[in-house]
Amino acid sequence: QVQVVESGGGLVQAGGSLRLSCAASGSIFSINSMGWYRQAPGKQRELVGVITSGGSTNYADSVKGRFTISRDNAKNTVYLQMNSLKPEDTAVYYCNVDLTIARISPTYRYWGQGTQVTVSS
């Protein structure tokens, strides 16, 4: 069994910063990519960014230069540092983890429960 738990959301003024964390635990053999998505009210869930097992990152154009994804492989944790936040960044942020549970195993994708980020103007 695998658990994915996010933390760090909250209310912040425009121009401020927040750091989200997402930790995976349980029966994990290896973790491949880890990513962050967000979903604003009335909108579809969209990709924010992703980080591979080798540390390569890719970001949505809307957050490039403001958000940074990093990971701590020893802790099975991915972080999302959000700077220069804007009201349009308001959303529920979800992380996902692509992992295997054994040496020979398919890759499974697990999602966190989501954490609310609200940016006031």
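Computed from the coordinates by the stated procedures, all read-outs in this text should not be read as laboratory data. Computed from a predicted model, the values in this text were never measured in an experiment. Note that each Cβ is placed from the backbone with ideal geometry, even for glycine, and that neighbours are counted across all protein chains shown.
Annotations for the structure displayed:
- Summing charges over neighbours of TYR79, with a neighbour being any other residue whose Cβ is under 12 Å away from its Cβ, gives +1 when K and R count +1 and D and E count -1.
- Beta bridges by DSSP in the chain, antiparallel share as percent, to the nearest 5: 90 percent
- When you filter the trypsin sites (Lys or Arg not before Pro) in the stretch 67-106 for DSSP loop state and at most 13 other Cβ atoms inside 10 Å of their Cβ, you are left with ARG103.
- Near THR115, once Lys and Arg are set to +1 and Asp and Glu to -1 for all other residues with Cβ below 12 Å from its Cβ, the sum equals +1.
- Sparsely packed loop sites in the stretch 1-83 (the chymotrypsin sites (Phe, Trp or Tyr not before Pro) outside DSSP H, G, I, E and B with at most 13 other Cβ atoms within 10 Å) comprise PHE29.
- Note that the stretch 38-45 has calculated 3J(HN,Hα) couplings of 9, 9, 8, x, x, 10, 6, 5 Hz, one per residue in order, obtained from phi through the Karplus relation 6.51 cos²θ - 1.76 cosθ + 1.60 (θ = phi - 60°); glycine and proline are x.
- Based on every Cα atom in the stretch 59-121, Rg and the maximum pairwise Cα distance Dmax equal 14.5, 50 Å.
- Shown is the FRET efficiency for ASP61 and TYR108, computed with R0 = 30 Å from the Cβ-Cβ distance and rounded to the nearest 0.05: 0.55.
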